[in-house]
């Protein structure tokens, strides 16, 4: 259970910043939303980790799919940050340090994903309409899954906690970003999320 303390610490760290309804202040809203997203992702990984070794016989495939849904959510979160959200802050607010931190846990995350996908049947769909490629299917091993999480949980939680300090409202204001500019960033992000949900729904039919 080596990862549990780190995940619980991260959850506690995000509890206060994400409390209550969305702030009316657009600068505070960016901080609140990122803290909430991180809390959700940390809670999801904690749940996967805690249940990994007690999966009922015959339910392994369902659990693997559940864990891969978390992987897909994290990958989407970081793809959104790197390609949509953070580029909109530049040049007034340099976000390169935030994005660079993703490399600190990418290798471990990839190993986690690769193992989970290997437990699926070839051509099985997972995440957001992703498909497992040809491979030799492996048996599910909860202890191994935990070991894989243990390998990347420290840099992941460190990044998550550090990231919201970059987005503190005072720092966003000090960058020179106007309310109109930050609102535009928020609006573009919201539209992206809506289009993603719509596209996913269409892919299911």
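Between residue 75 and residue 194, how high is the FRET efficiency from 1/(1 + (r/R0)^6) when r is the Cβ-Cβ distance and R₀ = 22 Å? Nearest 0.05. The partial results should precede the final answer.
Numbers: r = 19 Å, r/R0 = 0.87.
E between residue 75 and residue 194, to the nearest 0.05, is 0.70.
Only one of (1) 18.2, 57; (2) 22.9, 77; (3) 17.6, 60 was calculated from the structure for Rg and Dmax of the Cα atoms in Å, and its label is (1).
Within the listed set 102, 76, 135, the residue fluctuating most in the Gaussian network model of the chain (springs between alpha-carbon atoms under 10 angstrom) is 135. On the beta carbon distance between residue 16 and residue 103, with R0 = 35 Å, the FRET formula returns roughly 0.75.
Between residue 4 and residue 118, what length in nm is gained on full extension when 0.36 nm per residue of separation is reduced by their alpha carbon distance? Kindly include the intermediate steps, with their values, before the conclusion.
Details: separation 114, 0.36 × 114 = 41.04 nm, distance 2.48 nm.
Net length gain for the segment: 38.6 nm.
Given a Förster radius of 41 Å and the C-beta distance between residue 111 and residue 183 as r, what FRET efficiency does 1/(1 + (r/R0)^6) yield to the nearest 0.05? Taking R0 as 41 Å, the efficiency between residue 111 and residue 183 is 0.55. With contacts taken as Cα pairs under 8 Å and at least 6 residues apart, the stretch 4-195 reaches a relative contact order of 31 percent. Among 30, 69, 138, the largest mean-square fluctuation in a Gaussian network model of the chain (Cα springs under 10 Å) belongs to 138. Build a GNM of the chain with springs between Cα atoms under 10 Å apart, and of 29, 151, 97 the one that fluctuates most is 97. Only helices enter the 222 nm calculation for the chain: every DSSP H run of n ≥ 4 contributes -39,500 (n - 2.57), and dividing by all residues gives -22000 deg cm²/dmol, rounded to 500.
Among 55-65, 116-126, sorting by the average number of other beta carbon atoms lying within 10 angstrom of each residue, highest first, gives 116-126, 55-65. Estimated at 0.36 nm per residue, the fully extended path between residue 94 and residue 150 surpasses their Cα-Cα distance by 17.1 nm.
Since every read-out is calculated from the coordinates, none of them should be taken as a lab result. Note that the structure is a prediction, hence the values are computed from the model and not measured. In this analysis, Cβ positions are derived from the backbone assuming ideal geometry, glycine residues included, and neighbour counts consider all displayed protein chains.
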